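Laboratory data are not the source of any read-out in this text; all were calculated from the coordinates shown. Everything numeric here is computed off the predicted structure, so don't read it as measured data. Note that each Cβ is placed from the backbone with ideal geometry, even for glycine, and that neighbours are counted across all protein chains shown.
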Amino acid sequence: QSALTQPASVSGSPGQSITISCTGTSSDVGRYDYLSWFQQHPGKTPKLIIFDVTKWPSGISNRFSGSKSGNTASLTISGLQAEDEADYYCCSYTSTGTYVFGSGTKVTVL
Amino acid sequence: QVQLVQSGAEVKKPGASVKISCKASGYTFTSYLIHWVRQAPGQRLEWMGWINVANGDTKSSQKFQDRVTLTRDTSARTAYMDLSSLRSDDTAVYSCARSAYMDVWGEGTTVIVSS
């Protein structure tokens with residue numbers, strides 16, 4: 001199972017909005033709404049920020065929002081803040097009962 | 001609070017096996033899946049497999065299918081990941097995560113494979 005495709009890096013200025021894409025296939029992203037996003041700061045464990053494409057876990061800011069169209073999911077970070085600088089990974093359930101992570105995107109706040 | 005506590009770092013020689021534990025607390029252990037995920041230095045997250053803690057069913061990535069064994073001890077509230085035939089490129093941080101959503105993560109266990 002190949003990794004889902006994400007841009008290697010995305011940057012934005014404080015207060016701006018940025019969007020990270022996550023492209024899979026009709027066997028994973030396109031088939032199921034079991035799509036999550038994780039934020040990972042350097043040296044830290046991943047943190048779930050979006051699940052089931054659009055839902056927030058308790059305590060997660062609504063500045064993070066998710067969507068999906070066809071085989072591509074997206075994470076939008078609104079009102080970009082310095083603390084949002086981190087790596088972001090998408091993760092999808094697949095038709096074989098397995099899961100697959102994305103290639104990861106480094107977000108830089110300029 | 002909900003917590004997953006993993007076993008300590010390991011250094012192994014190529015060809016050896018490693019068994020990592022993940023002890024759960026703060027929730028009903030049998031109500032949630034446990035996933036195993038690894039991250040090699042500077043690399044992306046890589047999903048390895050899950051175990052249904054309630055009945056012991058497992059599913060692994062095809063990449064690790066022949067080398068990984070996932071088990072659990074419900075009385076000890078602990079899940080285990082055993083990886084055999086270790087190679088240098090298995091050097092990574094191995095983490096357990098709770099539920100289909102991976103909403104709670106262990107702190108990670110560093111495994112170094114070196115001769």
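Structure above, values below:
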| read-out | value |
| --- | --- |
| Selected residue [at the interface with another protein chain (Cβ under 8 Å from one of its Cβ atoms), surrounded by fewer than 18 Cβ atoms within 10 Å (Cβ to Cβ) and under 21 Å from B:Ala97 (Cα atoms)] from A:Gly97, A:Gly59 | A:Gly97 |
| Filtered residues of segment A:34-74 (kept if more than 19 Å from A:Ala86 (Cβ to Cβ) and free of Cβ contacts under 8 Å to residues at least 40 places away in the same chain) | A:Asp52, A:Val53, A:Thr54, A:Lys55, A:Ser58, A:Ser67, A:Lys68, A:Ser69 |
| Which numbered condition B:Met81 misses (of (1) within 14 Å of another protein chain (Cβ to nearest Cβ); (2) in contact with a Phe, Trp or Tyr (Cβ under 7 Å, 6 or more places away or on another chain)) | (1) |
| Complete set of residues in segment A:17-26 that are over 12 Å from the mean Cα position of the chain (by Cα), of a type in the set (Gly, Ala, Ser) and surrounded by 12 or more Cβ atoms within 10 Å (Cβ to Cβ) | A:Ser17, A:Gly24 |
| Residue check, A:Asp84 away from every other protein chain (no Cβ under 12 Å), in contact with a strand residue (DSSP E or B) (Cβ under 6 Å, 6 or more places away or on another chain) and among the acidic types (Asp, Glu) | yes |
| Qualifying residue in segment A:24-32 (condition: small (Gly, Ala, Ser) and not in a loop (DSSP other than H, G, I, E, B)) | no |
| Qualifying positions in segment A:29-43 - surrounded by fewer than 24 Cβ atoms within 10 Å (Cβ to Cβ) and either aromatic (Phe, Trp, Tyr) or in contact with a strand residue (DSSP E or B) (Cβ under 9 Å, 6 or more places away or on another chain) (or both) | A:Gly30, A:Arg31, A:Tyr32, A:Asp33, A:Tyr34, A:Gln39, A:Gln40, A:His41, A:Pro42 |
| Residue check, A:Pro14 surrounded by fewer than 17 Cβ atoms within 10 Å (Cβ to Cβ) and over 22 Å from B:His35 (Cβ atoms) | yes |
| Segment B:18-71 - residue that is among the aliphatic types (A, V, I, L, M) and surrounded by fewer than 16 Cβ atoms within 10 Å (Cβ to Cβ) and, of those, farthest from A:Thr5 (Cα to Cα) | B:Ala54 |
| Pairs where the first residue, in segment B:63-76, is more than 11 Å from B:Gly49 (Cα to Cα) and the second is in a loop (DSSP other than H, G, I, E, B), C-beta under 7 Å, 6+ apart | B:Arg67/B:Ser84; B:Arg67/B:Ser85; B:Arg72/B:Val53; B:Arg72/B:Gly56; B:Thr74/B:Val53 |
| Search result, residues across segment B:89-115 that are of a type outside the set (Asp, Glu), assigned to a loop (DSSP other than H, G, I, E, B) and out of contact with any Lys or Arg (no Cβ under 8 Å at 6 or more places or on another chain) | B:Thr91, B:Ser99, B:Ala100, B:Tyr101, B:Met102, B:Gly106, B:Gly108 |
